[in-house]
Amino acid sequence: MKIAFVGKGGSGKTTLSSLFIRHLAATGAPVVAIDADINQHLGAALGLDEAEAAGLPAMGEHLPLIKDHLRGTNPRIAHADKMIKTTPPGEGSRLLRVREDNPVYDACARPVELDGGAVRLMVTGPFTDADLGVACYHSKTGAVELCLNHLVDGRDEYVVVDMTAGSDSFASGMFTRFDMTFLVAEPTRKGVSVYRQYKEYARDFGVTLKVVGNKVQGEDDLDFLRAEAGDDLLVTVGHSDWVRAMEKGRPPRFELLEDANRRALSALHTAVDATYELRDWERYTRQMVHFHLKNARSWGNERTGADLAAQVDPGFVLGEEVVAPA
Ligand SMILES: Nc1ncnc2c1ncn2[C@@H]1O[C@H](COP(=O)(O)OP(=O)(O)OP(=O)(O)O)[C@@H](O)[C@H]1O
Ligand SMILES: [Mg+2]
């Protein structure tokens, strides 16, 4: 199951991603955690110290390796150089599983020990000004998008992405790659304006979007979010002393997280699992092709000097049947 946490800067994307990852790990589920946010703080929120977080390999620096691995023996992709972030898998491509060892994880993922078990953490690496443009060939989030488009994830295995709701993710189709998108919103006008904008983009793509209210204090905050988000409001989280203690570098055991916040995390988990029945791999594949052709036309063909539409394998549909069961 692929889950994104998006929202306004400072709303609590990283905090809630990290709590949800800790919650999943505590249930014993396999988890790949990905930091694709402009502010790279997921490692710290999962308890890494500054040196450990700084020592994480950056996916952005391993793009050639990622492309070369995923390309496999796909005859439609002559060379990794011709692969852009939206190049879809086809016959011969190598696919990724959540629970396996592979060269991409070897290069880009590091284990992080949490209460209940270890998760794999991958980070895009710090963003530069050039990464914030729309049509970026060497985009950091492109490494994440390539991995998501080659990932075959089953029920009870989770990929959680802490993500920026930026133009990059809308232009490339990254925002359509998730079973569930949690939009973290504070009970403020700015908080919900990001929600409206996201919903507008998402509308035509069947994106499952739920609002998670954060830093909610009292009835007035709750009423405001209910009025603004309606049925999209899934659950709210209040101030957490557990989070405060964690930020001081003294994380209590996860089981000591406040009851109300534990219940909120369980509600997120239940909502994610319920989307499994809505999965449509054909639509998922069709959308990646749609965004690939769009990127090919707008900049990809010119940048690579190739007709990137030829990379599309018309008979290929990603899905759990394509790979042997883990
Ligand atoms: N429920 C909460 N209880 C206590 N502190 C919180 C809570 N949610 C967020 N915070 C604090 O608010 C600050 C911002 O949260 P966080 O870093 O998770 O936001 P973000 O959306 O990831 O921000 P950025 O856009 O900078 O990446 C952090 O100091 C975090 O610890
Ligand atoms: Mg963050």
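The values are calculated or read from the model by the stated rules, or taken from the named source; none is laboratory data. What you are looking at is a predicted structure, and each value in this text was computed from that prediction instead of being measured. Cβ placement follows ideal geometry from the backbone for every residue including glycine, while neighbour counts extend to all protein chains displayed. Surface accessibility is based on the protein's heavy atoms, side chains included, excluding ligands, DNA and RNA. Shrake-Rupley method; radii C 1.70, N 1.55, O 1.52, S 1.80 Å.
Where does the charge balance sit around Asn149 when Lys and Arg score +1, Asp and Glu -1, over other residues with C-beta under 13 Å from its C-beta?
Details: positive: Lys2, Lys67, Arg71, Lys85, Arg94, Arg177, Arg286; negative: Glu145, Asp153, Asp313.
Its environment carries a net charge of +4.
Taking the Cα centre of segment 2-311 as origin and charging only Cβ (+1 Lys, Arg; -1 Asp, Glu), how large is the dipole, in debye to the nearest 20? It would help to have the intermediate numbers written out before the result.
Details: 37 positive and 44 negative charges, 131 e Å.
Magnitude of the dipole: close to 620 debye.
Would you grab the residues whose amide H sits under 5 Å from the one on Val237? Only those 5+ places off in sequence or on another chain, please, with H modelled 1.01 Å from N.
Gly213, Asn214, Lys215, Val216
Round to the nearest 10 and give me the degree value, 0 to 90, for the angle of helix 140-149's Cα axis relative to the longest principal axis of the chain.
80
If you find the alpha carbon centre of segment 51-76 and of segment 195-243, how far apart are they in angstrom?
34
Relative contact order (percent) for the chain, with alpha-carbon contacts under 8 angstrom and 6 or more residues of separation? If you can, show how the numbers build up before the last one.
On the way: 588 pairs, mean separation 85.6, N = 326.
Across the chain, relative contact order equals 26 percent.
Can you list the lysines whose alpha carbon is less than 24 Å from that of Lys210, not counting same-chain residues fewer than 8 positions off?
Partners within reach: Lys2, Lys8, Lys13, Lys190, Lys199.
Could you rank the peptides 294-304, 63-73 by their average count of other C-beta atoms within 10 Å per residue, with the highest value first?
On the way: 294-304: 17.0, 63-73: 18.6.
Taking the mean over residues of other Cβ atoms within 10 Å, the ranking is 63-73, 294-304.
Taking only protein heavy atoms and a 1.4 Å probe, what accessible area per residue, in Å², does the chain have with all protein chains in place? Spell out each step's value before the answer.
Values: 14200 Å² over 326 residues.
So the chain comes to 44 Å² accessible per residue, rounded to a whole number.
Per DSSP helix of 4 or more residues, -39500 (n - 2.57); summed, then divided by the residues of the chain. What does that give at 222 nm, rounded to the nearest 500?
On the way: 13 runs with 122 residues, N = 326.
That calculation yields -10500 deg cm²/dmol at 222 nm.
Just grab the label-to-label distance for Tyr201 and Val322, each label 7 Å out from Cα along the Cβ direction, in nm (one decimal).
The answer from the label model is 2.4 nm.
Within segment 245-289, whose backbone N sits under 11 Å from a point 7 Å along Cα→Cβ of Gln217?
none
Show me, for segment 57-64, the HN-Hα J-couplings you get by feeding each phi into the Karplus relation (A = 6.51, B = -1.76, C = 1.60, θ = phi - 60°), rounded to Hz, glycine and proline as x.
Couplings: x, 9, 4, x, 8, 10, 4, x Hz.
If I stretch the segment between Arg263 and Ala118 completely, what's the gain in nm (0.36 nm per residue apart, minus their alpha carbon distance), one decimal? Mind dumping the intermediate values first?
On the way: separation 145, 0.36 × 145 = 52.20 nm, distance 2.22 nm.
Going from the current span to full extension adds 50.0 nm.
For Ser298 and Thr27, what is the calculated FRET efficiency with R₀ set at 51 Å and r taken between the beta-carbons, to the nearest 0.05?
Using R0 = 51 Å, I get an efficiency of 0.75.
Kindly state, to the nearest 0.05, the FRET efficiency for Ala274 paired with Glu100, given R0 = 22 Å and r defined as their beta-carbon distance. Provide the component values of the computation, followed by the final result.
Values: r = 26 Å, r/R0 = 1.18.
So the FRET efficiency works out to roughly 0.25.
Tell me, what % of the accessible area of segment 2-311 is carbon and sulfur with a 1.4 angstrom probe? Before the final figure, lay out the partial values.
Values: 6390 of 13280 Å².
On segment 2-311, the fraction of accessible area on carbon and sulfur atoms equals 48 percent.
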